[in-house]
Structure formats: C-alpha cells, structure tokens
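The values are calculated or read from the model by the stated rules, or taken from the named source; none is laboratory data. For clarity, every value in this text was computed on a predicted model and none was experimentally measured. Virtual Cβ from ideal backbone geometry, glycine too; neighbours counted across all protein chains shown.
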Amino acid sequence: MTTSLSHYLDTIRARIKLDSTEETEVIHELETHIEDRLQELTESGLSEEEAAEKCAGLLGSAKLVARQIYEAHSQGTWKQSLLAAMPHLLFGLMFALNWWQHLSGLLIMLAVVILATIYGCWRGKPTWVFPWLGYSLLPVMVIGVLFLYLPKEWSFILLPLYFPLALWWLYYIIVQSTRRDWLCSSLALLPIPIVIGWFLTIAPEGRFTGYAIQRLYYFAPWIGLSFMALALTIAVFIRVRQRWLRIGLLIVSGLSTFALLAYYAKERLSISTLLGLILVLWGVFLIPPLLERWVKSKKIPGSHLRTINHHAEEVSDATGSHSH
C-alpha cells in the first residue's frame, strides 16, 4: 500500500474513536476493501500512484469516512447503556434509599466499582467503563477528607505520600480516557464537580459534624435524584450515534444537575465557591479536547511505522538481489 493511502488510513484511525477491538476490525475491513480496489485499478492499466490517487478519490474525504464509520459503529446496545448508567444509578440509590448510613453498603459499592473497572479495562476499555473509572476517584477523595481528622503530625507524614498518588491516579484516568476519545474523559470526570458541590453544601467547613449529618438526611433525596438523572442522560449518550448530540447531552446534563445542586444549596455555598465549581465543571468539558492532541502526539503514528517497514523491505530486497 502506498504512503498516501497509509496516511489516509491513519487519519481515519485517529478520528473513528472506537474501542481497540472494533477499531482493528473496521480498519482491517477498510484495508481489504482498498487493496481489492487498488488491484482492480492497477489491472486496468493505471500505475500504482495513479491507482492510489483514484482510489482515495473514490473513497472520499478521510474525515467524512471517519465520521460515517463512527456513527455506524459507535451506538452502544441497551446492555452497554445500562452498564454505563449503573454507577450513577447505584450512587443515586445509595442516597435516595439511605444506604449511605451502612458501612457494608459503602464497601459493597466500592467493591462493585473496582471490579467493574478492572473488568472493563480487561475487555479493552469499551465506552461503558469510563463512568466506572471516574467513580474510582471517590475513594481517593474520601481518604483526602479523612486526613482532616488525623492529628497534625500524622497529616504531615502522610500527605506527602497521598498527594502524589492521588494526582497520579487522576492523571492516569484522564490520559487513558483521552487517548481513546476526549469525550470519554469528560464522561469519567462529569460526576466529580457535582460530588464536590454536594459535599460542600452538606459540610461547608469540610468536616462531617452532627449538623452536617442532619443536612445529609435532608439533602439525600435530592442528591439521589441528581445522580439518577445523570444515569438517564448517560444511558441516552451510549445509544446516540451523532457525536455533536453526545457533546450536547454531556453539557446539558452537567449544567442541569449543577443547577439543581445550586438551587438547593442556596446560601450554603458562597458566590466564590459556586464560581469555582462552575470553572471545574467547564474544565471537564474544555480541558480533555485540549489534552487530546498532546496525548496522541506521544504515540508513534502507524504511517511512520509502515514507512519504516517499507524501507526495511526495500533494503532487504536490495540485499537479496545483490547476493544473487
């Protein structure tokens, strides 16, 4: 295959944003189709370069082909929709049904998050796993809150260990999800500013006092409602084909859930805190697409590898001919 067609395939591969297994199958089918078309064109009398140019013209714009492939293959099944919505649904039910009062319920929730994340990563990181990956940040946040209850001497010893590990895990989640698609990163991070907002509403001083527990009882149904609404949105997100609709769903879901939080928080959150949370929320939507180019630039493009292999084959052929 010529360098121009290799570059054409690389452009499509970079833009289809499917999981690794499906991407491999789609690209293999496309390569087979291109090779068959090239053979037909060269047999008709065209040179290899002419055939490659005509083949690319017949296929159409790489960006358009990638978009068509994405819309044809990105729609998840109802099972995948349920799996993607499940962490939000469980988190919502935990508050709506007051399961948060029982340590066993919290531990079961944590175990389910860890097992679902490991299983999804083992299956090649399908889209449904990214909400679970985002919820794996919650234990890290809880540990950070627990540091407030430790004696100062213990905090000074443990915080230098905690912060690098916490930042590393956040970095890992963002990079892994952005490497697949920046929308997956937003999907994973979407609940975080909402969780922080509810926490500051319940415990503005950063500690769970007796008064904060009373507020948690009062706000628990609304916390549950906000996350169940988020679950519904994510289920629709998985079923939608068009990328622009997916982006719109995430933005509308994040803003509407945050508006519900701000309405019930009222005077409990200061203006500066609300503005800070809004900035964090917009960061969930704006930072991942900015990071995507940087993350993908760290990978060696397939066209470069193919060019290297092509040159290696030429050298091998030349060596073989000289030996004869």
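Couple of notes before you dig in:
- Criterion (farther than 28 Å from Arg15 by Cα and under 21 Å from the mean Cα position of the chain (by Cα)) met by exactly one of Leu103, Leu93, Leu83, Leu89: Leu89
- Looking at segment 3-84, the helices (runs of 4 or more DSSP H) lying wholly inside it that each contain 3 or more residues that are closer than 30 Å to Trp122 by Cβ sit at 3-16, 20-43, 62-73.
- Checking Leu38 against (1) free of Cβ contacts under 8 Å to residues at least 12 places away in the same chain; (2) over 30 Å from the mean Cα position of the chain (by Cα), the condition it does not meet: (1)
- Considering (1) surrounded by 14 or more Cβ atoms within 10 Å (Cβ to Cβ); (2) under 27 Å from Ser74 (Cα atoms); (3) among the basic types (Lys, Arg), the lone condition that Arg241 does not fulfil carries the number (1).
- The set of residues in segment 60-107 being crowded, with 17+ Cβ neighbours inside 10 Å and of a type in the set (Val, Ile, Thr) consists of Val65, Ile69.
Quick grid of which residues meet (1) modelled with pLDDT of 85 or more; (2) buried (at least 17 other Cβ atoms within 10 Å of the Cβ):
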{"site": "Phe219", "(1), (2)": "yes, yes"}
{"site": "Met228", "(1), (2)": "yes, yes"}
{"site": "Leu261", "(1), (2)": "no, yes"}
{"site": "Glu267", "(1), (2)": "no, no"}
{"site": "Ser272", "(1), (2)": "no, no"}
{"site": "Arg293", "(1), (2)": "no, no"}
{"site": "His304", "(1), (2)": "no, no"}
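- Phe199 being aromatic (Phe, Trp, Tyr), closer than 20 Å to Leu148 by Cβ and modelled with pLDDT of 85 or more: yes
- The one condition from (1) over 18 Å from the mean Cα position of the chain (by Cα); (2) surrounded by 17 or more Cβ atoms within 10 Å (Cβ to Cβ) that Arg246 does not meet is (1).
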